[in-house]
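Right, one structure below, let's go through it.
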Amino acid sequence: MKGIERNPIVVVLLTLVTCGIYGLYWMYVSRLEVKNYLENTTISPGVELLLAVVCFPFVYIWYYKMGQDVAKMQEKAGLPGKDQSMLFLVLSFFGLGLVANYIIQENLNEVWKQQ
């Protein structure tokens with residue numbers, strides 16, 4: 001199932017303008033698209049979002065898992081799989097989650113363009 005191509009700059013700007021609310025929405029929908037594309041029933045976007053809100057350190061796990069899953073998606077789409085999980089983890093740890101969001105969305109868009 002194909003996801004929605006989003007402009008990564010718009011994802012970052014909307015997250016900033018809405019004081020993070022769009023970022024939470026984006027975390028949910030992008031994770032849902034990953035779940036559907038990989039047909040992985042163990043991914044639970046709602047639970048992951050709740051954990052990220054209630055227990056902030058889970059955000060680091062979310063970024064790490066997204067890095068791994070995006071690499072799987074790239075391989076499934078016939079692209080070279082780039083596991084950037086450590087990059088996303090480090091970026092989020094140093095308060096640069098928006099940069100990670102930009103890169104994640106760019107990678108997702110590559111996958112959607114292959115479909």
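Total residues in the range 2-56 satisfying the condition of being in contact with a helix residue (DSSP H, G or I) (Cβ under 9 Å, 6 or more places away or on another chain) and part of a loop (DSSP other than H, G, I, E, B): the figure is 12. Within the range 41-58, the set of residues being closer than 21 Å to ARG6 by Cβ and out of contact with any Leu (no Cβ under 9 Å at 6 or more places or on another chain) comprises just one member, GLU48. The residues of the range 62-115 that are of a type in the set (Phe, Trp, Tyr) and assigned to a helix (DSSP H, G or I), listed by number, are TRP62, TYR63, TYR64, PHE88, PHE93, TYR102, TRP112. Scanning the range 90-100 for residues that are buried (at least 18 other Cβ atoms within 10 Å of the Cβ) and under 19 Å from ILE43 (Cα atoms) turns up nothing.
Within the group LEU49, LEU16, LEU24, which residue is over 15 Å from LEU108 (Cβ atoms), of a type in the set (A, V, I, L, M, F, W, C) and crowded, with 18+ Cβ neighbours inside 10 Å? Even if it seems obvious, please write down each step before you answer.
Details: LEU16 fails: crowded, with 18+ Cβ neighbours inside 10 Å; LEU24 fails: crowded, with 18+ Cβ neighbours inside 10 Å.
After ruling out the rest, the residue left standing is LEU49.
Just so you know, all these numbers are worked out from the coordinates, no wet-lab data involved. Quick caveat: nothing in here was measured; it's all calculated off a predicted structure. Neighbour counts run over all protein chains shown; Cβ positions are idealised from the backbone, glycine included.
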